[in-house]
């Protein structure tokens, strides 16, 4: 430890009264109390070394004779080694002068002391005496709290080791009240530290509950690329996370820790995975976790992790539902309600839809009329919602009740029932009529026809209704849907009417869908190959 | 914002040094740019019915049109109404995205390896030498590697297949033995075995979701690092008869991700999405000769139809799904599928496809010119995706902030649109040999009838499967091919 210089000089017996005396004081000739503690120290310093400041300024020889003599006497008086070398007579003369002048025998040491800076980066030396005393009071208060806090930690350590109390002989037990008192104490300490030094302490370091965990800092190399300047609270929380993950702790406090981190950064997949481990290890009610998750999901729409977490929860919950159709139906309804709610905010959210198809498969609710109705509602709201169309296709054509396993999505399935295929064809046509240039129901229509092993030409009349006078050069050519034209090209190809097919493709490239001309030209080549 | 386009400012004299005379003349004699009306007018066929999809679509077109029509004041346009690639600003933006990031990037804390790949890749595409980042990247990557194999999204995070992929590509980009040797291949390989699932797919991290990203990223890692395909007995997919390896069932998994629309979904039974189309094709192309593997597992005509449908006019960039909006990043995810597909269809010596998906029974002809509008994509990228403020960088669409992700994939897409790849004839029918893994890819700039961009805006080609420059891919693979054992 560096030698501690005295912050405030103690009054000394030999020192004259502290009040500025009429004797001209070398440094400050003010009569008022020094404005700052630095000025006060300077004053005291100068006051203990009469004529020294003037001597430094103009040299000993420049001083009046009496001041010269006084300065020399003072030097001798406080330098015993020099003094004892004086002849006895000179020593007596010296003491006489000292008595007469009554100047201080002891001089204060050099004034290079640093008072430090406060939380605002201001020099403490600029404080007024009152303000400084107040600050020192706080510092003392903090020291007291720190001592008490150390006492708490020691007691806790002893408790852990099973040490007995010396007086009572009982095992030391740290009570809840003591922990609570310590928590309050640390709050006070943090407030004081913040006030005095501007240091911010993380909430984990302040919480006695986390005393047993030694946080593991990030430890990134200085030159690391794209390093993120962590906010302090995140930095601290993540350091605690690393530590508890390393010791594979699963507990309520870890669960809370994951929640804190997820709130700050929901994209942190590691913390989600660890949260799931906690939920399962502690055997917490899955429904509680899902309720919590709902809230998180509603504020973090674009997030992979939330939906994978939900997936894990459902996998875990499923065995308890499997044997109970009522429970399962109830669960399916709750989930559907929630998914509907979340899709209102983002109707095409990919993660939500992927989860939804997983859920249908897991719970086996392909045939659920409510599920189909829910999708129809979304399509009624926005007939261009392709996510809803995709889900409908999955509901209808992946139902294991009438699906041949192992077929690709664009392969015909002999197990697809005719009535369902017909129903879906009609549904698609109905929606196409609302907005013929909407590609979703056209893709759906073609998908249904292929799955249901129907000839594309079964919708030739329907598709032709959107195209008038194709190839006419008199300006009567009218196309209401490029997708109809595309399908017609396929229909004619299927019917081996190459020229008609080629005309459709040519007109698409030349006029109706020019951006895709390269594709339409390739399709024309395909016709030649067929 | 729109009103600002009505007033056209005269060319700024201080820009003269950067601009040739013609540009200035063109600007003052507006509207004389040679821009096909395809890119300046609403599509011919439109429905009257208004839904939220059509509303956002119309808004997007409104936003893009002034940029496409050469009306943006910040740009200097050429004769074709196309501005230059503002390399200087983009390069500056990307360098700074590799520096220390402020706290608002917190959400990226679990995906920092991506930032490394995005920025380095974008710089490399613009011809910058990124090897100066080697030392710093080596240190950064080391801190993210786990002893149990793979790399996490940051220090002491669980290993993730996507972040591992990003780190491996970033290391390949900076190149050099020091960078390659960071990777603990043995633990990486055994970790990949743990991720392998009995249904052929891969989890993205232990206990994580299984999706097609897992398949693509794993395949890239295995091939670049020349990892063995054998499974460890601790793999969930391991069988005692030894018939299953890391690539077993991948093709079928990909096949199950193709949807009725023809596109590819992230996992079976979801919606077709552009990002996954690239993953699917990439994964198949790494299993063996893509001219065989792609038609074996996918309905190619449907896939091409779906991919082609992603390009709308007048925006001319790509969307990621049916009835979704254009976004610069799909220039790569969708646009990047075309070089591979065109090469497969057009390269001589395409092997017999008959054994594949029933829909491919008809021989698919070579592509006459190009399957997509390269001019359109280039226009969208140069007109709409450049942040021409001081900030620089590339973006989703006008009005959005530029970022490293979009910079990388918009530039990758630009590269795809400017180049044409060819595959040398494959001499073998056996997909497992090195000959099919190391197919000979050659590349030339794509020559359009009218080249709408100035020659100095030509960016570097990137490998149609690995999405890094060819020489970077070859350097890392040959390094590990030459290495014995781990």
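For this structure, a couple of remarks:
- 2 or more residues over 30 Å from residue B:163 (Cα atoms): qualifying helices (runs of 4 or more DSSP H) within region B:360-473: B:374-379
- Scanning region B:365-391 for residues that are surrounded by fewer than 21 Cβ atoms within 10 Å (Cβ to Cβ) and more than 8 Å from chain A (Cβ to nearest Cβ) gives B:388, B:389, B:390, B:391.
- Test result for residue B:201, touching a helix residue (DSSP H, G or I) at 6+ places or on another chain (Cβ under 9 Å), more than 12 Å from every other protein chain (Cβ to nearest Cβ) and surrounded by fewer than 18 Cβ atoms within 10 Å (Cβ to Cβ): no
- For residue A:448: the one exception among (1) under 44 Å from the mean Cα position of the chain (by Cα); (2) assigned to a helix (DSSP H, G or I); (3) buried (at least 19 other Cβ atoms within 10 Å of the Cβ): (1)
- Note on region A:440-464: residues that are more than 17 Å from residue A:410 (Cα to Cα) and at the interface with chain B (Cβ under 10 Å from one of its Cβ atoms) amount to 0.
- Taking the criterion of being away from chain B (no Cβ under 14 Å), under 15 Å from residue A:510 (Cβ atoms) and out of contact with any helix residue (DSSP H, G or I) (no Cβ under 9 Å at 6 or more places or on another chain), the residues of region A:470-499 that qualify are A:472, A:473.
- Picking from residues in region A:512-524 that are in a helix (DSSP H, G or I) and either touching a residue at least 24 places away in the same chain (Cβ under 8 Å) or away from chain B (no Cβ under 13 Å) (or both), the one that is surrounded by the fewest Cβ atoms within 10 Å (Cβ to Cβ) is A:512.
- Tally of residues being touching a residue at least 24 places away in the same chain (Cβ under 8 Å) and assigned to a loop (DSSP other than H, G, I, E, B) across region B:245-290: 15
- Of the helices (runs of 4 or more DSSP H) that lie entirely inside region B:71-167, those containing 1 or more residues that are more than 30 Å from residue B:218 (Cβ to Cβ) and either within 23 Å of the chain's Cα centre (by Cα) or free of Cβ contacts under 8 Å to residues at least 60 places away in the same chain (or both) span B:87-97.
- Unique residue being within 14 Å of chain B (Cβ to nearest Cβ), surrounded by 13 or more Cβ atoms within 10 Å (Cβ to Cβ), within 26 Å of the chain's Cα centre (by Cα) and in contact (Cβ under 8 Å) with a residue 40 or more places away in the chain when the list is A:351, A:308: A:351
- Subset of region A:198-251 (residues that are within 14 Å of chain B (Cβ to nearest Cβ) and over 21 Å from the mean Cα position of the chain (by Cα)): A:221, A:222, A:223, A:247, A:248
- Residue within region A:163-183 that is part of a helix (DSSP H, G or I), buried (at least 17 other Cβ atoms within 10 Å of the Cβ), in contact (Cβ under 8 Å) with a residue 40 or more places away in the chain and out of contact with any strand residue (DSSP E or B) (no Cβ under 9 Å at 6 or more places or on another chain) present: no
- Output for region A:376-411, where each listed residue is more than 7 Å from chain B (Cβ to nearest Cβ), under 20 Å from residue A:450 (Cα atoms) and in a helix (DSSP H, G or I): A:388, A:389, A:391, A:392, A:395, A:396, A:397, A:400, A:401, A:402
- Per the listing A:242, A:275, A:193, the residue uniquely surrounded by 15 or more Cβ atoms within 10 Å (Cβ to Cβ), in the same structural domain as residue A:158 (by TED's automatic domain parsing) and not in a loop (DSSP other than H, G, I, E, B) is A:193.
- Checking the stated criteria, residue B:314 turns out to be within 10 Å of chain A (Cβ to nearest Cβ), more than 19 Å from the chain's Cα centre (by Cα) and in a loop (DSSP other than H, G, I, E, B).
The values are calculated or read from the model by the stated rules, or taken from the named source; none is laboratory data. Since the model is a prediction, treat every value here as computed from it, not as a measurement. Heads up, the Cβs are rebuilt from the backbone with ideal geometry, glycines too, and the neighbour counts pull from every protein chain shown.
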